[in-house]
Each structure stands twice: as C-alpha cells, then as structure tokens.
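The values are calculated or read from the model by the stated rules, or taken from the named source; none is laboratory data. All values derive from a computational prediction rather than experimental measurement. Cβ placement follows ideal geometry from the backbone for every residue including glycine, while neighbour counts extend to all protein chains displayed.
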2 protein chains.
Amino acid sequence: MSTPHPTRTEDVFSTLRHEVLTGQYRPGERLPSERELALRFETGRGAVREALRKLETLGLTKSARGGSRVAAVDEASLDVLGPLLDLQPVPDAELVDQCLKVLELLVGDACDQLLARGSEAGIAVVRERIAQFLALSAGNPNLLTARLALSQAMLRECGNLPMRLIANGLRMQLLERLWPRLPEPDEASLGAVKALLWDLDQALEGRNRRSARRALQALTQLNRDHLRAALCDAGATCDVNALLPTPPSRGLPS
Amino acid sequence: MSTPHPTRTEDVFSTLRHEVLTGQYRPGERLPSERELALRFETGRGAVREALRKLETLGLTKSARGGSRVAAVDEASLDVLGPLLDLQPVPDAELVDQCLKVLELLVGDACDQLLARGSEAGIAVVRERIAQFLALSAGNPNLLTARLALSQAMLRECGNLPMRLIANGLRMQLLERLWPRLPEPDEASLGAVKALLWDLDQALEGRNRRSARRALQALTQLNRDHLRAALCDAGATCDVNALLPTPPSRGLPS
DNA sequence: TGGGAAAAATTGGTACTACCAATTTGGACT
DNA sequence: AGTCCAAATTGGTAGTACCAATTTTTCCCA
C-alpha cells in the first residue's frame, strides 16, 4: 500500500481487494462499473478488467453481464489470508495463530502418514534435515531456513498433494508478512527446540508414531507461543472476527 | 471441456490451464507470447491477457516484461485441485482420497476446538444439524445436503477462519466433480451413518472430545471407503504422482 | 392504483490499434 | 571465447468501437 505498485493493474487489484476485505462493499452488493472504475483510477478499462479477473479468481467477486458483485469472504480462496493479515499494521495475532494451528495439524498428520507408510527414503530425507538443523549454532542466520526446510520436507515426503498445496500456500502468505517479526531464538529456546528435534529424530528412527507426534506437537506449540508473544508485544490485535465484514446474512443474492 | 465456454477469456484460460497441468509446458519454460496466443485462439490480445492474469492468480504462471513463464505445480494455489481432477474422465481415486483425508483432519480438529472452547451456541447449532439429518429417511434427495451442512456448520462454529477457507475450497472443488458419482446410500450404510451420528450427538452433549473424535473419524472413514470403491468401479486411476508434470528438478529458473 | 410489458440506458465481453518501456536475442567487435 | 551494443520481441497501458445481455426506466392498460 505504501510502495507504489509496479503496474496499474496491480494497483487497481490490490486497492479493490483491500476495499472488499475491509467491507466497504457488502457481500452481494454491486461493484462500480468498469467504466467508472477506470475513470476513478485514471486508467484504461483494460487494466480494470484484468484486475477484476484477478479478484474473480480469488473468489472475492463474480462478474457477469450487467455488473460485478462481491462475494462473501468465506467463499473466497485461501489466498485472501495474506491480504487479510495486511489489513492492520501488525498482523492479527489470533489469525496468525489459527494459521499455525492448521499448519501444525497438517505437519503432524504428514509425519504420521510418513511413518505409517514406512517410506524409508522419505524418513531418511526428513532425518537428514533434522541433522542439518542440529548442526547449526545459535545466531546462525540459516536457522529459520533450516527449520522451514524440515517441515517442508515432511510435507513433501508424505505424498499428500492437497496437503502440500495448502501448507505451501499458508506458509508463503505467513512468511511474507512475518519474516521481519520472527523472534530471534535465544540460547535457551534454541536448546529446547534442539532437544525436541532430537526426540523427533529418535521417534523417526524407532518408527514410533506417538512419540513423533508428541515431539512435533510440542515443537509447534513452542513456535506458536513465541510468535504470539512477539506479535502482541508489537501491538497486534487479537480478534479475527473484527476483521471480517458483516457476518454473512443468510441468503445472499445469486 | 465438452461444454463450450461462455466467454473467450474463459476458453483461453481453461485451455492453457489444462496444458500447464498436463505438463505440456515444463516448469520454468516460457509460454508463447500474448500475440501468438491471440493468433492461436483467434481472439484479441485483451482476452489472452485476462486469461493470463487468471493463471497468474492461480499461481500457475508468472508474467513479466519479456515473457510469461510457468511455475511448478506445487507452488500453485489450492484451487488447481479441481482442474487437476479433471485431467482424467474419472477423477483419480487416490487424489480424491487425499482430499477427503485432509477434510477429515480439519473437521476433526474443528470438532475438537468446538468442544474445547465450550461454545454452547456452536454446539447447539451442530447438534441441530445432526437432528435434521437423523430425521431424513433413505432415498431422500436432501440426505447429502444435510450431511454436508453438518460438517460445514462444524467448521463455521469452530471459529478458525483459515480452516473454513481451506475446507470450503476443498469441498467446492470436490463436489463439482463428484456430485454425479456420489454413491446412493443404501439402507445398511445409511443405518451405520445414523448410528455414528447418534454417537457423535451423544459425545457433543456430554462434551466428550475423545468420543466425538472417534465417531467423526469412523464417519469419514466410511465416506472415504464408499467413494473410493465407487470411483474404482468407474475405472478411476489411482496414482497421483502420474498426474504431476516432471518432478520438480531442483533449482528452477527464477 | 397496481401490474406488466416494452423501450431505453447501462454494463460486461470482444476486437483492434497504437505506443512505451523492459527484456531478450543475436551479432559485431575486441 | 568473452563482452558489449543495437535491434527485435514482449508485456503494460491507453483508447476506441461495437455487440449482446442485463438492468432500469417508462409508459400503457386493466
């Protein structure tokens, strides 16, 4: 929003997206006509149309002859999460936590599937990632990258494509916004993480699904707590529902 | 694919999407120029550009001055799942099963969160949905709708927005393709479902998270088995990886 | 006065042209 | 071969014109 957008289409797109997400147009309401929008943004109708196609693909609007209408937010694509986090200067702690909860769920199940299928190669890959992380010392800038590579490997090796797509999408949108705010791990917490990772490694070696699950759970809980604290310190709000425009009144116009 | 697309943009979009998903362009490879595509589809460059914007929003391509390039499939949005299912006349049984597995995971956790938070109103809503289903008899065409309304209610009431977005997206894409193939529940299986739903209802009343979890798990397992059988009978393939174009060669061009 | 059908204005869909700026490509030169 | 520069290519934007579907308004008749 502060940086000038590289293209007019992107400008129109992100502005309209923001306006829809902030509820300036209520679900089912008509959007201004393309010609009006072109006039307002001082651009050609082509750029406006391209922006509308993008909104439509996100599931935020429906275009048809006679006019475009906005859709309810929870009918939208997962990809609106990022913009939703951008609505406030500091991402909403509750929403971030919900995302992490879903990620925890997915990674946990991925690990379970991995062990259940007994994919030797997959387990080996994941364990190698763990080893790579454990080899890093505090202050190493690659710590986060290594940590992410671990969960990514787990999701890849579990063989569940939808799971991978979801996790990738979530991670992308979160990372973009959270990277600068991620708490620098201090000695103590890094030690805790490493201990848990060591547990996880042992569980993987012993093909112990319950232990692995427990270690992963503790690991992500640690992450969630740290991140929530960091966000709240930064003055984050903590109420998802306040972000959403008008609770869907039953029976919106088709 | 069989039905003629309502607009030229949609035509170009779905055709290109199909070609990308079937691997006719390898990840990182350049797409034909907009002018070439316009020529090929016998349409104006505007329509082609709108289609490209949609592909870009899906995460399947990246456009920049100098040319558009296709991205790796697992960097795409969750919304490519539907088209991915369309690659074959009968949706791939394995992929569908993976989707259901994720849905099961989400609904299960939603139920857990619901009980954990002890939201009286939410629990009441869900129990009402259960009652509505139990009131229907075999052969009633609303059975499926009622069944879906149940899990939808659970996801809505659990208060986790990302979860709702994911589940909605998954369900939408699955339903569109699977609705005509959904197995008509016979007396016996309907009875089993109703018994499990009754269990679930009891668990909800008693705020018993473990029982609820178990009932839900059994319920979705039933669904998965039925659907997989139906798809395999219809001659579905059963190998997700065969669907994906070229396993991502490490280090694709930026 | 109310309802409904016809006419007018609006709107999205498509096509075509022209020009700019960034990138890519290919060849000339060192 | 390696480098650099210029030309061709490509995406981004602007503008116009027209069509077909939809919406809105108008007006007539019961």
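Tell me which of these A:V80 doesn't satisfy, since it passes every other one: (1) farther than 25 Å from A:L175 by Cβ; (2) facing chain B (nearest Cβ under 10 Å).
(1)
Conditions (1) surrounded by 21 or more Cβ atoms within 10 Å (Cβ to Cβ); (2) away from DNA strand D (no atom under 16 Å from the Cβ); (3) assigned to a helix (DSSP H, G or I), marked per residue:
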position: B:L87; (1), (2), (3): no, yes, no
position: B:C99; (1), (2), (3): yes, yes, yes
position: B:D109; (1), (2), (3): yes, yes, yes
position: B:L114; (1), (2), (3): yes, yes, yes
position: B:A121; (1), (2), (3): no, yes, yes
position: B:V125; (1), (2), (3): no, yes, yes
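Starting from residues that are without any contact (Cβ under 8 Å) to a residue 60 or more places away in the chain and of a type in the set (S, T, N, Q), keep the ones in the stretch A:6-23 and report whichever is farthest from DNA strand D (Cβ to nearest atom).
The selected residue is A:T15.
Somewhere in the stretch A:157-177, is a residue farther than 25 Å from B:S77 by Cβ and either among the basic types (K, R) or at pLDDT 95 or above (or both)?
No - not one qualifying residue is present in the stretch A:157-177.
Please find, among A:R49, A:R30, A:R53, the residue that is surrounded by fewer than 16 Cβ atoms within 10 Å (Cβ to Cβ), out of contact with any Cys (no Cβ under 7 Å at 6 or more places or on another chain) and not aromatic (F, W, Y).
None of the other options fit; the residue is A:R30.
Within the stretch A:49-72, restricting attention to residues that are under 23 Å from the mean Cα position of the chain (by Cα) and of a type outside the set (A, V, I, L, M, F, W, C), which residue is farthest from A:L84 (Cα to Cα)?
The residue in question is A:R53.
Identify the single condition in (1) surrounded by fewer than 23 Cβ atoms within 10 Å (Cβ to Cβ); (2) within 13 Å of chain B (Cβ to nearest Cβ) that A:R69 does not satisfy, given that it satisfies every other one.
Of everything listed in (1) surrounded by fewer than 23 Cβ atoms within 10 Å (Cβ to Cβ); (2) within 13 Å of chain B (Cβ to nearest Cβ), A:R69 misses just condition (2).
Given the options A:A234, A:A188, A:A203, A:A215, name the one that is modelled with pLDDT under 90 and more than 19 Å from A:C99 (Cα to Cα).
Criteria check complete, one pass: A:A188.
Checking A:C111 against (1) in contact (Cβ under 8 Å) with a residue 12 or more places away in the chain; (2) closer than 24 Å to A:R228 by Cβ; (3) within 11 Å of chain B (Cβ to nearest Cβ), only one condition comes out false. Which one?
(3)
With within 16 Å of DNA strand D (Cβ to nearest atom) and in contact with a Pro (Cβ under 7 Å, 6 or more places away or on another chain) as the only criterion, which of A:G44, A:G67, A:G28 stands out?
A:G28
Residues in the stretch A:143-154: is at least one within 9 Å of chain B (Cβ to nearest Cβ) and either in contact with a strand residue (DSSP E or B) (Cβ under 6 Å, 6 or more places away or on another chain) or polar (S, T, N, Q) (or both)?
no
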